[in-house]
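Engineer: I'd like to ask you about the structure that follows.
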Amino acid sequence: MLDQSQMENAMFTGSFAIAVTDEAADKATLATALSLADAAGAHLDIHCVGLDPTRYEALPAGAAAMVIEAGAEEAQARAETLVQWVNTQIPIGQTRVAVQPLVVSTAGLDLTLARAMRYADLIITGRPYG
């Protein structure tokens, strides 16, 4: 069994990460991530994901440019909205936090998130399906 000082030394002091996609669904997970990072003295990277739902392989010739631009703009706007919301959730005085928008297409969701979070010592997620 570890004593109190050993437990404190065993805590992560590196980098945590979380992906936020929805204000309502991610509110509790974000609060937990902020609290955990603060208690551990860790840096927290918050990735605000704007998902571009465009299915690029199914586009008719000539329509690709318009559809791609509209989808990317919508995803960027969503990511920026999430950044603004996340900034209101960060407690005053908690400074070891980086909030950044992340625009992702559905086709590359797993790869893009893996690249964005690859240096985190701990990735915090909510439970799937509630």
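Engineer: For segment 91-122, give me each residue that is within 13 Å of residue 45 (Cβ to Cβ) and surrounded by 16 or more Cβ atoms within 10 Å (Cβ to Cβ).
Structural biologist: Selection gives 97, 99, 101, 102, 113, 116, 117, 120, 122.
Engineer: Please go through segment 23-47 and pick out each residue that is out of contact with any strand residue (DSSP E or B) (no Cβ under 6 Å at 6 or more places or on another chain) and touching a residue at least 60 places away in the same chain (Cβ under 8 Å).
Structural biologist: 23, 25, 27, 28, 29, 32, 34, 36
Engineer: So, in segment 83-111, how many residues would count as being without any contact (Cβ under 8 Å) to a residue 12 or more places away in the chain and farther than 26 Å from residue 38 by Cα?
Structural biologist: Count: 3.
The numbers here are math on the coordinates, done by the rules we state, and not lab data. These numbers were taken from a predicted model, which means no experiment stands behind them. We place every Cβ from the backbone using ideal geometry, glycine too, and count neighbours over all the protein chains shown.
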